[in-house]
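S.K.: Structure in structure tokens, see below.
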Amino acid sequence: MAQALAAGIARVRADNADPSDPSLITEDVIRQKLAQVMPADAVDTFVRMLNGTAVFSGEASGVDPASHLDPKTFADDPAITVTYDQARSAQRMTIQGVVTDARRKALEAKFPSALVAGLLAEIQQAARTFFEGHLQGGTLGAQPVGFLDAADFELLFGDGPVAAKQARLLSTMLPYVRLVLTRALVVQTMGRRRAGSRALSRRCSRALRC
């Protein structure tokens, strides 16, 4: 059993080895590797956050009709959509791409309004909540969860160089994948060993009664 476990761990390491070049950390590689340790919908959201196609929304209630946002105001920024539900006095804003601190400040300067600022804060928090729940490092019981630091939110989803983002993912993602798969393999192997021991004990007990 020890040999089988060692072989399994070696296979996990080989199948998820670090590539020699960070540029090889492509969207397809991210999807393939993380699909082994994360739910498919979470992997898809992460990739769309990375490539700027993720969509997040925020809504403010109690907005007077005279104070609602005019869609024409945002006509030159196709990533932003605003709608107003007069029956509910609700203002909704939807933005494509992650609202980082830098992007939020730029949009607040471009569209100075307390209503806009509040909606941007809510939209940004939606992305951060996903990031903290699925990607930021921590533990759930004894199980490691996530592989990124809080500061990586700005690094990965901001306007920085792609090479820096790929380098960061290279240093964090694959080690996390190897860790989770290795732990799962150990737990699975020990479970089989205990099950085998219990089965042997039952057989011996029956034999002794005969």
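S.K.: Looking at this structure, is MET49 assigned to a helix (DSSP H, G or I), in contact (Cβ under 8 Å) with a residue 12 or more places away in the chain, among the hydrophobic types (A, V, I, L, M, F, W, C) and closer than 22 Å to LEU156 by Cβ?
M.R.: When the stated conditions are applied, MET49 passes them.
S.K.: Let me ask something else about it. Filtering the range 57-70 down to residues that are of a type outside the set (D, E, K, R) and under 11 Å from ARG92 (Cα atoms), which residue is surrounded by the fewest Cβ atoms within 10 Å (Cβ to Cβ)?
M.R.: So, considering only residues that are of a type outside the set (D, E, K, R) and under 11 Å from ARG92 (Cα atoms), the one surrounded by the fewest Cβ atoms within 10 Å (Cβ to Cβ) is SER61.
S.K.: Looking at VAL63, VAL82, VAL98, VAL116, which is the one that is in contact (Cβ under 8 Å) with a residue 12 or more places away in the chain and under 18 Å from ALA42 (Cβ atoms)?
M.R.: VAL98
S.K.: Name the residue, out of SER20, SER61, SER57, SER67, that is closer than 23 Å to ASP159 by Cβ and either out of contact with any His (no Cβ under 8 Å at 6 or more places or on another chain) or of a type in the set (D, E, K, R) (or both).
M.R.: SER57
S.K.: Just the residues that are at negative phi and surrounded by fewer than 14 Cβ atoms within 10 Å (Cβ to Cβ), please, taken from the range 35-54.
M.R.: Across the range 35-54, the qualifying residues are PRO39, ALA40, ASP41, ASN51, THR53.
S.K.: Search the range 68-91 for residues being hydroxyl-bearing (Ser, Thr, Tyr) and part of a strand (DSSP E or B), and hand back the single one that is farthest from PHE56 (Cα to Cα).
M.R.: Top of the filtered list is TYR84.
S.K.: Does VAL99 count as among the β-branched types (Val, Ile, Thr) and either surrounded by fewer than 19 Cβ atoms within 10 Å (Cβ to Cβ) or farther than 14 Å from ALA127 by Cα (or both)?
M.R.: So VAL99 does not fit the description; no.
Bear in mind these aren't lab numbers, they're just calculated from the coordinates by the rules spelled out. The structure presented is a predicted model; accordingly, all values stated were derived computationally and were not measured. Reconstructed Cβ throughout: ideal geometry from the backbone, glycine too, with neighbour counts over all protein chains shown.
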